[in-house]
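The values are calculated or read from the model by the stated rules, or taken from the named source; none is laboratory data. Small disclaimer: the values here were computed from a predicted structure and weren't measured. For neighbour counting, all protein chains shown are included, and Cβ atoms are generated from backbone atoms with ideal geometry for every residue, glycine included. Ligands, DNA and RNA are stripped out before the accessible areas are found, and what is left, the full protein with its side chains, is counted by its heavy atoms. Shrake-Rupley method; radii C 1.70, N 1.55, O 1.52, S 1.80 Å.
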Amino acid sequence: MATQSIKPMVAGNWKMNGTTANLKEPRLLAGMLRGVKLKCDVMVCPPATLIRRVKAVMKGSMIKAGGQDCHAAVSGAHTGDISADMLKDAGATAVIVGHSERRTNHKETDAMVAAKAQAAHKAGINAIICIGETLDERKGGKTLEVLTSQIKASVPAGCTAANTVIAYEPVWAIGTGLTPTVAEIAEAHAHIRKELSAVMAEEGAKTRILYGGSVKPTNAVELMGIANVNGALVGGASLKAVDFIGIIKAYI
Ligand code: PGA
């Protein structure tokens with residue numbers, strides 16, 4: 001399947017930012033997209049405390065809401081954690097798993113990420129599985145090797161193009177203003193596509209591969225034009241509707 005025929009997705013990851021005072025941004029975003037025929041899926045992933053309210057202020061729009069992490073279990077004695085079922089109950093249709101900040105700050109392993117993705121699928125929501133190399137790994141020429149091992153170990157059985165999105169986020173590009181070159185992104189995404197076909201069979205060719213790491217309105221068009229880039233996972237620039245819409249516009 002030609003990668004151009006894959007419906008792109010632009011997802012905003014608010015990280016640990018946002019209270020009710022920030023609800024004006026998704027409200028504004030929904031207003032800006034009113035009447036626009038979207039050729040991509042748009043998703044906002046606020047803190048879990050805001051999912052329901054973000055959904056409410058975007059009511060009537062095609063914009064979806066997602067979570068930023070979930071526990072692998074359905075329920076139980078896991079103080080402070082949140083399950084995929086709970087996210088779904090709050091109105092999420094997807095959850096980000098394996099973000100590098102989770103992998104680093106919470107020592108999440110590939111196996112834990114795979115279990116979380118499976119939990120998402122079991123709850124009936126999609127998993128956005130993040131992978132990406134560190135600066136040392138890139139400098140050491142290990143990028144493709146790292147991506148292969150992350151895909152093999154964090155993309156569980158049962159993943160399909162409909163229930164799974166992969167986000168390639170070089171750790172050193174997140175929040176830094178740095179991005180890999182077009183050639184480096186093309187190489188990484190082509191490699192991910194090949195490896196996805198190995199673990200997901202024919203579904204791998206149809207699965208969306210987002211690029212994430214310092215995506216801005218100023219580089220969105222160039223990034224979306226790269227082969228096998230099927231959208232963007234956006235951190236900082238998703239917090240302000242005017243910036244986020246600038247990125248979404250590359251896909252409409
Ligand atoms: P950034 O974050 O766009 O602020 O670099 C991306 C991410 O962490 O998903």
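Criterion first (without any contact (Cβ under 8 Å) to a residue 40 or more places away in the chain, within 16 Å of the ligand (Cβ to nearest atom), touching a strand residue (DSSP E or B) at 6+ places or on another chain (Cβ under 7 Å) and within 27 Å of Arg34 (Cα to Cα)) does Ala232 satisfy it? For Ala232, the condition - without any contact (Cβ under 8 Å) to a residue 40 or more places away in the chain, within 16 Å of the ligand (Cβ to nearest atom), touching a strand residue (DSSP E or B) at 6+ places or on another chain (Cβ under 7 Å) and within 27 Å of Arg34 (Cα to Cα) - is not met. Take region 151-198 and flag every residue that is of a type in the set (Ser, Thr, Tyr) and in contact (Cβ under 8 Å) with a residue 60 or more places away in the chain. Of everything in region 151-198, nothing turns out to be of a type in the set (Ser, Thr, Tyr) and in contact (Cβ under 8 Å) with a residue 60 or more places away in the chain. Scanning region 202-220 for residues that are open to solvent by 50 Å² or more (accessible area, probe 1.4 Å) and away from the ligand (no atom under 16 Å from the Cβ) turns up Glu202, Lys206. Which residue is nearest to the ligand (Cβ to nearest atom), if the candidates are limited to region 114-131 and must be over 19 Å from Met43 (Cβ atoms) and either of a type in the set (Ser, Thr, Tyr) or buried (at least 17 other Cβ atoms within 10 Å of the Cβ) (or both)? Here the residue is Ala114. Screening region 30-149 for helices (runs of 4 or more DSSP H) wholly inside it with 2 or more residues that are of a type in the set (S, T, N, Q) returns the ranges 100-105.
Just checking, which of Ala232, Ala250, Ala237 is part of a strand (DSSP E or B), hydrophobic (A, V, I, L, M, F, W, C) and under 30 Å from Ala21 (Cα atoms)?
Only one candidate passes the filter, namely Ala232.
The one condition from (1) surrounded by fewer than 16 Cβ atoms within 10 Å (Cβ to Cβ); (2) within 16 Å of the ligand (Cβ to nearest atom); (3) small (Gly, Ala, Ser) that Ala94 does not meet is (1). Do we have Met43 as within 16 Å of the ligand (Cβ to nearest atom) and buried (at least 19 other Cβ atoms within 10 Å of the Cβ) here? Spelling it out, Met43 is indeed within 16 Å of the ligand (Cβ to nearest atom) and buried (at least 19 other Cβ atoms within 10 Å of the Cβ). Taking residues in region 74-94 that are in contact (Cβ under 8 Å) with a residue 24 or more places away in the chain, and partners anywhere that are part of a strand (DSSP E or B) and not hydrophobic (A, V, I, L, M, F, W, C), the pairs with Cβ atoms closer than 6 Å and at least 6 places apart or on different chains are Val74/Ser83; Ser83/His71; Leu87/Gly67; Ala92/Gly66; Ala92/Gly67; Thr93/Lys64; Ala94/Gly66; Ala94/Asn126.
Among residues of region 157-176 being under 30 Å from Gly140 (Cα atoms) and away from the ligand (no atom under 12 Å from the Cβ), the one that is surrounded by the most Cβ atoms within 10 Å (Cβ to Cβ) is Ile166.
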